[in-house]
Each structure stands twice: as structure tokens, then as C-alpha cells.
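Engineer: Sharing a structure below in C-alpha cells format, with a few things to ask.
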Amino acid sequence: MKSVLHHFKISIFFLSLLFVLIFALCALQSGAVEINWYHWSKLIAFGHSMLSSEGLAYPLDGETYVLWHLRIPRVLLGVLVGASLGLSGALVQGLFRNPLADPSLLGVTTGAACAAALTIVLIAEQHILFSVEARAWLLPLVSFMGAFLTCMFLNIGATWLIPSSFSGLLLLGIALNALGVAVIGLCTYLATDEQLRSLSFWTLGSLAGANWTIVPVLGLVLVAVYLWCRTQVQRLNALNLGEATAASLGVCVPRLRWNISVMVALLAGLSVAFCGVIGFIGLIAPHLARALVGADLRALLPISMLLGASLMLVADTLARTLVIPAEIPVGIFTALLGGPFLMLLLRTKRHRMG
């Protein structure tokens with residue numbers, strides 16, 4: 001029986017990976033600029049010329065330039081952001097031991113966006129205090145700090161202010177969301193026209209800022225967090241059984257909660273810093289993965305990442321192609337996916353409770 005279940009989980013993993021590859025290929029081919037196999041062959045020839053000793057023999061034309069500098073980084077960033085949100089959602093749900101937990105519902109992403117908004121309006125334009133290089137990495141850093149502080153406050157609320165009350169935790173998350181939205185509204189009121197355009201980017205979410213600089217950064221962070229999760233998967237599974245049970249099994253619960261908070265803040269903070277607020281991916285992907293492979297985090301974490309990447313690619317492709325040449329913010333599509341899913345989830349939970 002265990003062997004059959006193990007093979008089933010492996011099949012689900014490879015099927016999820018296949019969906020990611022299919023959606024990525026569709027996203028690469030879709031958009032205002034038509035891409036065909038000729039442009040792919042020219043891009044391959046460009047790569048060979050860069051590696052050869054003869055120098056650049058095949059300069060990029062317009063379509064191939066779009067493919068290399070715009071389309072491929074955007075698709076890769078979509079995969080990484082979706083996987084990051086799926087992984088952070090699975091970690092948050094394990095941390096609070098409830099499938100309704102999500103970085104956006106609990107205010108973690110809003111905390112990161114709030115810190116980013118304050119930075120855009122109050123700090124980022126202070127050229128005297130910060131060099132150009134420092135300003136480039138200031139936004140990811142403060143977004144991480146905003147997400148981290150929010151996550152730590154939720155940790156304190158879960159263990160001290162509202163012990164054993166997930167409804168109270170959700171109310172605390174709603175309060176933090178409202179506070180963050182108020183601060184973002186104040187920043188919008190104080191912002192200049194240029195700053196308003198940046199704030200619109202953060203509040204609605206978009207992958208339009210993808211480039212070859214931020215893709216490796218987010219990729220390295222995602223790989224590092226996932227490798228840490230693999231080393232801690234036994235402790236994470238024990239935490240899902242309850243803090244008392246985990247402590248009786250030798251798990252240092254406070255340290256583990258702190259480490260999870262750091263990892264969630266890294267993933268959510270960098271995702272918001274690079275793409276703005278993109279909600280509900282962290283709620284939907286772990287739920288679908290749990291319905292497919294169960295609650296064991298050894299299978300749940302990678303499949304949550306793959307399903308999050310697939311959902312992100314679908315949402316971003318629709319955002320880019322439905323109203324060509326204009327572009328709809330991708331956060332609108334994730335909300336359209338997540339809102340009905342959350343209502344269906346609550347309805348299912350109500351039926352289970354009788």
C-alpha cells in the first residue's frame with residue numbers, strides 16, 4: 001500500500017511539472033509580439049555566437065530581442081514567484097496548523113507592500129543618503145523586513161494574545177491588512193505622479209518588471225528556502241501534530257517557529273518587492289496539493305510550488321493577452337481565482353462541521 005501511494009505521489013509530481021512546462025511554453029509563445037520557431041532558432045544561434053571566439057555573428061532582431069530580454073525573464077519570474085507563494089503558503093498553513101492560513105489573508109504580503117510604499121514615497125528618492133546601487137536593493141530589503149515583522153507579530157498573537165483561536169488570528173490578520181492598506185493610502189496621498197505609478201504597480205501586482213538581474217536573486221532564495229525545508233521536514237511534520245506533540249518529540253518549537261517566520265518573510269517579501277501584491281496563490285496551491293497528496297510535507301511542499309507556478313503562469317498569460325496591446329494587472333486575475341475558491345472552501349468547511 002505504501003509503495004502504491006509513493007508511486008502515486010511521484011506521478012502527481014511529474015504531472016505537475018509537466019503542467020508547468022506546458023504553461024511556460026504557452027506563455028512564451030503568447031503576447032502582443034508573435035514568436036515562432038524561427039525566432040527560437042535565431043536565439044540559439046545568438047547563444048552559440050556569444051560562446052564562440054568569433055564574437056557576435058547573429059545580432060538580435062525585434063522579435064528575438066523581445067523573446068530574450070522580455071518574454072523569457074517574465075516567464076521565469078512568474079514560475080519563481082508562483083513557486084515562492086505556494087511554498088510560503090504551505091509553510092504558513094503548517095505554522096498555524098490551519099488550511100485557511102495564507103500570507104495575503106494574514107497580512108504578511110500587505111506588510112511587505114506597506115514597507116515598500118513607505119520606501120518609495122519617503123526614502124527611495126533621498127539621493128544624498130543612498131547611492132544608485134544601494135537604492136536598487138533597498139526595496140527588497142525593506143519588503144522583507146515588513147513581511148518579517150508582520151509574521152512575527154502574528155506569531156506573538158497566535159501564542160499569547162489569542163491562543164488556540166484561529167478565528168481570532170484571522171481577525172488579527174484582517175486588522176493588520178486594514179492598517180497596511182491605510183498606510184498605503186496615506187503614501188498614495190503624499191506621493192508625486194512618478195511615485196503614484198510605482199505605487200499602482202505594487203498594489204495591483206505585475207510581472208512587467210522582470211529582468212535578468214532579479215530572476216537569479218529570487219531563484220537562489222527559493223532554492224535555499226526549499227533546501228532548508230527539506231532538512232527540517234520531519235520537524236515541520238511534527239509541528240503539524242501540535243506544539244505539545246512536537247516538543248515531546250524533541251523539537252525546539254520556538255526556534256522552529258522563528259525560522260519559519262524568516263523563510264516566509266523572505267519568500268513573501270521578495271515576491272512583493274519584485275512583483276507587488278499578488279494574493280491567493282499561497283492559499284490555492286497548498287490546498288490543491290493537499291487534496292492530491294495529503295498533508296505529508298515531503299510531497300506537499302514541492303507540489304505546492306509547482307501548482308503555484310502553474311497558477312501564476314496562467315494568470316499572467318491571461319493578463320497579458322486578453323486586452324492586447326494593454327495589460328491587466330495580474331493581481332486582479334489571482335483575486336478572481338482566489339475569491340470564489342475561498343468561498344467554496346468555507347462552504348466545504350461548513351458542511352464538514354455540520
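Engineer: Considering (1) assigned to a helix (DSSP H, G or I); (2) over 21 Å from Leu220 (Cα atoms); (3) hydrophobic (A, V, I, L, M, F, W, C); (4) modelled with pLDDT under 75, say which one Ala134 fails and leave the rest.
Structural biologist: That leaves (2) as the condition not met.
Engineer: State which residue is nearest to Ile123 (Cα to Cα) when the search covers only segment 213-242 and only residues that are hydrophobic (A, V, I, L, M, F, W, C) and surrounded by fewer than 17 Cβ atoms within 10 Å (Cβ to Cβ).
Structural biologist: Val217
Engineer: Just one of (1) modelled with pLDDT under 75; (2) surrounded by 12 or more Cβ atoms within 10 Å (Cβ to Cβ); (3) among the charged types (D, E, K, R) trips up Lys2, so point out which.
Structural biologist: (2)
Engineer: Let me ask another. Restricting the search to segment 249-264, which residues are surrounded by 23 or more Cβ atoms within 10 Å (Cβ to Cβ) and either aromatic (Phe, Trp, Tyr) or at pLDDT below 85 (or both)?
Structural biologist: Ser261
Engineer: For segment 204-212, state whether one or more residues are surrounded by 14 or more Cβ atoms within 10 Å (Cβ to Cβ) and among the aromatic types (Phe, Trp, Tyr).
Structural biologist: No, segment 204-212 contains no residue that is surrounded by 14 or more Cβ atoms within 10 Å (Cβ to Cβ) and among the aromatic types (Phe, Trp, Tyr).
Engineer: Still on this structure: In this structure, does Val262 turn out to be in a helix (DSSP H, G or I), aliphatic (A, V, I, L, M) and farther than 29 Å from Leu239 by Cα?
Structural biologist: No: the conditions fail for Val262.
Engineer: Checking Thr245 against (1) surrounded by 14 or more Cβ atoms within 10 Å (Cβ to Cβ); (2) in a helix (DSSP H, G or I); (3) not charged (D, E, K, R): exactly one of these is not met. Which one?
Structural biologist: Just one mismatch for Thr245, condition (1).
Engineer: For segment 183-195, does any single residue satisfy the condition of being of a type in the set (S, T, N, Q), under 22 Å from Ile281 (Cα atoms), modelled with pLDDT under 85 and in a helix (DSSP H, G or I)?
Structural biologist: No, because not a single residue in segment 183-195 is of a type in the set (S, T, N, Q), under 22 Å from Ile281 (Cα atoms), modelled with pLDDT under 85 and in a helix (DSSP H, G or I).
Engineer: In this structure, is Thr317 more than 16 Å from the chain's Cα centre (by Cα) and within 24 Å of Pro216 (Cβ to Cβ)?
Structural biologist: So Thr317 fits the description; yes.
Engineer: Any residue in segment 114-127 that is within 13 Å of Gly276 (Cα to Cα) and aliphatic (A, V, I, L, M) sitting within a Cβ distance under 6 Å of a residue that is at pLDDT 85 or above and crowded, with 17+ Cβ neighbours inside 10 Å? List the pairs, counting only those 6 or more apart or interchain.
Structural biologist: If the second residue must be at pLDDT 85 or above and crowded, with 17+ Cβ neighbours inside 10 Å, the pairs left are Ala115/Val142; Ala115/Gly146; Ala117/Ile184; Ala117/Cys187.
Engineer: Search segment 83-107 for residues that are over 25 Å from Leu220 (Cβ atoms) and pair each with any residue that is part of a helix (DSSP H, G or I) and β-branched (Val, Ile, Thr) when their beta-carbon atoms are under 6 Å apart and the residues are at least 6 apart or on different chains.
Structural biologist: Here the result reads Ala101/Val92; Gly107/Thr150, each pair linking segment 83-107 to a residue that is part of a helix (DSSP H, G or I) and β-branched (Val, Ile, Thr).
Engineer: Only residues that are farther than 23 Å from Leu344 by Cα and either basic (Lys, Arg) or assigned to a helix (DSSP H, G or I) (or both): list them for segment 278-300, please.
Structural biologist: Those that are farther than 23 Å from Leu344 by Cα and either basic (Lys, Arg) or assigned to a helix (DSSP H, G or I) (or both): Leu297, Arg298, Ala299.
Engineer: Still on this structure, I have one more. Does any residue of segment 73-84 turn out to be farther than 17 Å from Thr317 by Cα and either crowded, with 24+ Cβ neighbours inside 10 Å or modelled with pLDDT under 80 (or both)?
Structural biologist: Among the residues of segment 73-84, at least one is farther than 17 Å from Thr317 by Cα and either crowded, with 24+ Cβ neighbours inside 10 Å or modelled with pLDDT under 80 (or both), which makes the answer yes.
Engineer: Now for a separate question. Tell me, please, whether a residue that is within 30 Å of Pro216 (Cα to Cα), part of a helix (DSSP H, G or I) and among the β-branched types (Val, Ile, Thr) can be found in segment 267-274.
Structural biologist: yes
Engineer: Only one of Ala326, Ala299 is in contact (Cβ under 8 Å) with a residue 60 or more places away in the chain, over 12 Å from Leu85 (Cα atoms) and among the small types (Gly, Ala, Ser); which?
Structural biologist: Within the list Ala326, Ala299, the selection yields Ala299.
Engineer: Hey, does segment 186-208 have a residue that's touching a helix residue (DSSP H, G or I) at 6+ places or on another chain (Cβ under 6 Å), without any contact (Cβ under 8 Å) to a residue 40 or more places away in the chain and not β-branched (Val, Ile, Thr)?
Structural biologist: Looking through segment 186-208, none of the residues is touching a helix residue (DSSP H, G or I) at 6+ places or on another chain (Cβ under 6 Å), without any contact (Cβ under 8 Å) to a residue 40 or more places away in the chain and not β-branched (Val, Ile, Thr).
Engineer: Out of all the residues in segment 275-302, which are small (Gly, Ala, Ser) and surrounded by 24 or more Cβ atoms within 10 Å (Cβ to Cβ)?
Structural biologist: Matches in segment 275-302: Gly276, Gly282, Ala285, Ala289.
Engineer: With respect to Leu43, determine if the residue is modelled with pLDDT of 85 or more and part of a helix (DSSP H, G or I).
Structural biologist: Considered against the rule, which asks whether it is modelled with pLDDT of 85 or more and part of a helix (DSSP H, G or I), Leu43 comes out as no.
The values are calculated or read from the model by the stated rules, or taken from the named source; none is laboratory data. Note that the structure is a prediction, hence the values are computed from the model and not measured. With ideal geometry, Cβ positions are generated from the backbone for all residues, glycine too; neighbour counts draw on all protein chains shown.
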